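A.B. asks: Here it is, the structure, as structure tokens.
Here, each number is a calculation from the coordinates, and none is a lab measurement. This is a predicted model, so every value here is computed, not measured. Cβ coordinates were reconstructed from backbone atoms using ideal geometry, including for glycine residues, and neighbour counts include every protein chain displayed.
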């Protein structure tokens, strides 16, 4: 468990010596927003499949939604390699749980619930940040609590957590959050939830230069567990006059 | 110095003049007195079976398990000192986890067996260590090669691959019975469902009805039916197999006693 709670890399006392080692100060290959909302009977999450290298759209099939166990789904933005490490860690833990379970039988099985995964991630992220060696991610955890209530929570690279009925990370917290605040209501149907998330992803694709119109949508329900869609492309319409003649080419502030 | 090893049995770091390591042999003795463990490689999977003596009437039957899941595709059955066995089980889990983290694939069955054997062997090399008083039967499946296999790791640190193997109290008669099944020939190989029945039969054959202490039968498999994952054999199927086994043994005995009568005539 090289990742668990230990610090990585060598630590040298900060000194005037310019050879002093430095920890991650900025991410290299990054994913952008993750959006998620609760709806009637489950939780739905979406992310695009792009990983950027700086501003270059480098990897267009990076899967950023992952199932940790039959009841827990996580989505991640930020440094993609860190996200992979986090998912590997969680999957390893899930396998260990399965192997060390009290029973050899599936019917007695009980996996870690989403709330536990979320809390565990909080501990990992907070410890890493206190060691000045963070995992550079914003993570969204969805699933069910042990009592069977739907759960949606957020953890970031410094160990901040919150729960909410809808969550948007990265650029989505600026561009999608206002839409979610306006359109979200309790007890949405699956179709409404999906339409709302797709709308948000379109807006993000129009306005976030690190976003892509190729997305995945995933849901967690009590009956079916985690289902993650194959990537598909959103229909977009660029016929708006503002897109055709951006004001950037004219005199002015360069805004749309 | 009147003990059986006459001074050469105090440490596993010393050979006796005739080339034996007594401490290792004593460790094997510890296994020979424990509940019987059986393993059988079938055409479509591997079955593990351990007889767990119920030493106390107040014991919760499912407690102190003898069969453990190591990785999604492999399981280990232990007999002998159960606490020593647990140590081996933990090590085996670590080996699986480390291998997968490093190479990104599930550990091949043979590598798992060899690594576990090396671990056990290490404890036979030093004067300051005590060898394991446990034999471990490893059932595993390799998703890369799509092969399943059965191995047994002994206290000496050797690991062999088997078609059928036995350890513990009843190992000798059990081996004879396993050989009779002829599972090492492809044309007479049996499937896991049949294997479960045969293992149940062998275990019950080793006990005289009502005479021996009560025991619990633990059975698991890694097979096509379990999606090649290590899972307990369904409880109702174990029950069915045991009922069949008892009936089969009874019929066999009746048949034999009839033959005896004929001989007397």
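A.B. asks: What's the FRET efficiency of residue B:147 with residue A:245 using the Cβ-Cβ distance as r and R₀ = 45 Å, to the nearest 0.05? It would help to have the intermediate numbers written out before the result.
C.D. replies: Numbers: r = 65 Å, r/R0 = 1.45.
That gives a FRET efficiency of 0.10.
A.B. asks: Kirkwood Rh over alpha-carbon pairs of chain A, then Stokes-Einstein at 25 °C and 0.890 mPa s: what D in µm² s⁻¹, rounded to an integer? Present the calculation step by step, with values, prior to reporting the outcome.
C.D. replies: Numbers: Rh = 19.5 Å.
Once the numbers are plugged in, D ends up at 126 µm²/s.
A.B. asks: For the stretch B:22-264, what's the radius of gyration and Dmax over Cα atoms, in angstrom?
C.D. replies: Radius of gyration, then largest Cα-Cα span, for the stretch B:22-264: 18.2, 69 Å.
A.B. asks: Quick one: which of A:131-137, A:52-58 comes out on top by average Cβ neighbours within 10 Å, and what's the full order, highest first? Walk me through the intermediate numbers first.
C.D. replies: Working: A:131-137: 20.0, A:52-58: 12.9.
In descending order of packing, they fall as A:131-137, A:52-58.
A.B. asks: So for the pair residue B:54, residue B:188, with labels modelled 7 Å out along Cα→Cβ, what separation do we get in nm?
C.D. replies: Placing both labels 7 Å along Cα→Cβ, they lie 3.6 nm apart.
A.B. asks: For residue A:235 and residue A:181, what is the calculated FRET efficiency with R₀ set at 25 Å and r taken between the beta-carbons, to the nearest 0.05? Don't skip to the end; give the middle numbers.
C.D. replies: Working: r = 25 Å, r/R0 = 0.99.
FRET efficiency, residue A:235 to residue A:181: 0.50.
A.B. asks: Need one number: nm distance between label points at residue A:227 and residue A:199, each 7 Å from Cα along Cα→Cβ, rounded to one decimal.
C.D. replies: 2.3
A.B. asks: Okay, next question. Helix-derived [θ] at 222 nm for chain A: sum -39500 (n - 2.57) over DSSP H runs of at least 4, divide by residue count, nearest 500? Numbers along the way, then the final one.
C.D. replies: Details: 6 runs with 70 residues, N = 256.
So the calculated ellipticity at 222 nm is -8500 deg cm²/dmol.
A.B. asks: Sticking with this structure for a sec: Could you tell me the center-to-center distance, by alpha carbons, between the stretch A:192-242 and the stretch B:193-229 in angstrom?
C.D. replies: 53
A.B. asks: Label residue B:176 and residue A:23 with points 7 Å out from Cα along Cα→Cβ: what is the distance between them in nm?
C.D. replies: 6.8
A.B. asks: Contact order normalised by length for the stretch B:22-264, with contacts defined as Cα pairs under 8 Å and 6 or more residues apart; what percent is it? Write down the numbers at each step before the final one.
C.D. replies: On the way: 468 pairs, mean separation 69.1, N = 243.
Relative contact order here is 28 percent.
A.B. asks: Follow-up. Sort A:194-200, B:33-39, B:251-257 for me by packing, meaning the mean count of neighbouring Cβ atoms within 10 Å per residue, highest on top.
C.D. replies: Details: A:194-200: 19.3, B:33-39: 24.4, B:251-257: 10.4.
Going by the mean number of other Cβ atoms within 10 Å, highest first, we get B:33-39, A:194-200, B:251-257.
A.B. asks: Looking only at other chains, what is the average number of their beta-carbon atoms within 10 angstrom of each beta-carbon in A:102-110? Let's see the in-between values first.
C.D. replies: Numbers: counts 3, 4, 15, 7, 5, 3, 2, 0, 0.
So the per-residue partner count for this stretch is 4.
A.B. asks: Shifting gears a bit: So what's the gap between the Cα centers of the stretch B:167-183 and the stretch B:86-108, to the nearest angstrom?
C.D. replies: Their Cα centres are 30 Å away from one another.
A.B. asks: Separate question: Using a Förster distance of 25 angstrom, determine the FRET efficiency expected from the C-beta separation of residue B:254 and residue B:32, and round it to 0.05. Write down the numbers at each step before the final one.
C.D. replies: On the way: r = 32 Å, r/R0 = 1.29.
The computed FRET efficiency comes out at 0.20.
A.B. asks: For the stretch B:19-142, what does the relative contact order come out to in percent, with C-alpha contacts under 8 Å and a separation of six or more?
C.D. replies: Numbers: 170 pairs, mean separation 40.7, N = 124.
Computed value for the stretch B:19-142: 33 percent relative contact order.
A.B. asks: Determine the principal axes of the Cα atoms in the protein assembly as shown, then give the extent along each, sorted from largest to smallest and rounded to whole angstroms.
C.D. replies: The Cα atoms of the protein assembly as shown stretch 118, 62, 46 Å along their principal axes.
A.B. asks: Counting only C-alpha contacts under 8 Å and six or more residues apart, can you give the relative contact order of the stretch A:26-229 as a whole percent? The partial results should precede the final answer.
C.D. replies: Working: 443 pairs, mean separation 62.7, N = 204.
RCO, the stretch A:26-229: 31 percent.
A.B. asks: Here is a follow-up. Sorting A:128, B:20 on the 10 Å Cβ count, fewest up front, what's the list?
C.D. replies: Values: A:128 25, B:20 13.
Fewest-to-most Cβ neighbours within 10 Å comes out as B:20, A:128.
A.B. asks: Just checking the output field for B:220-231: average partner chain Cβ neighbours within 10 Å of each residue's Cβ? Don't skip to the answer; put the middle values down first.
C.D. replies: Details: counts 2, 1, 0, 0, 0, 0, 1, 0, 0, 2, 3, 3.
Counting other chains' Cβ atoms within 10 Å and averaging over B:220-231 gives 1.
A.B. asks: Taking Cα centroids, how far is the stretch A:132-191 from the stretch B:49-84 in Å?
C.D. replies: Using only Cα atoms, the two centres lie 43 Å from each other.
A.B. asks: Based solely on its DSSP helices, what 222 nm [θ] is calculated for chain B when runs of n ≥ 4 H residues each add -39,500 (n - 2.57) and the sum is averaged over all residues, nearest 500 deg cm²/dmol?
C.D. replies: On the way: 6 runs with 101 residues, N = 265.
After summing the helix terms and dividing by the residues of chain B, the value is -13000 deg cm²/dmol.
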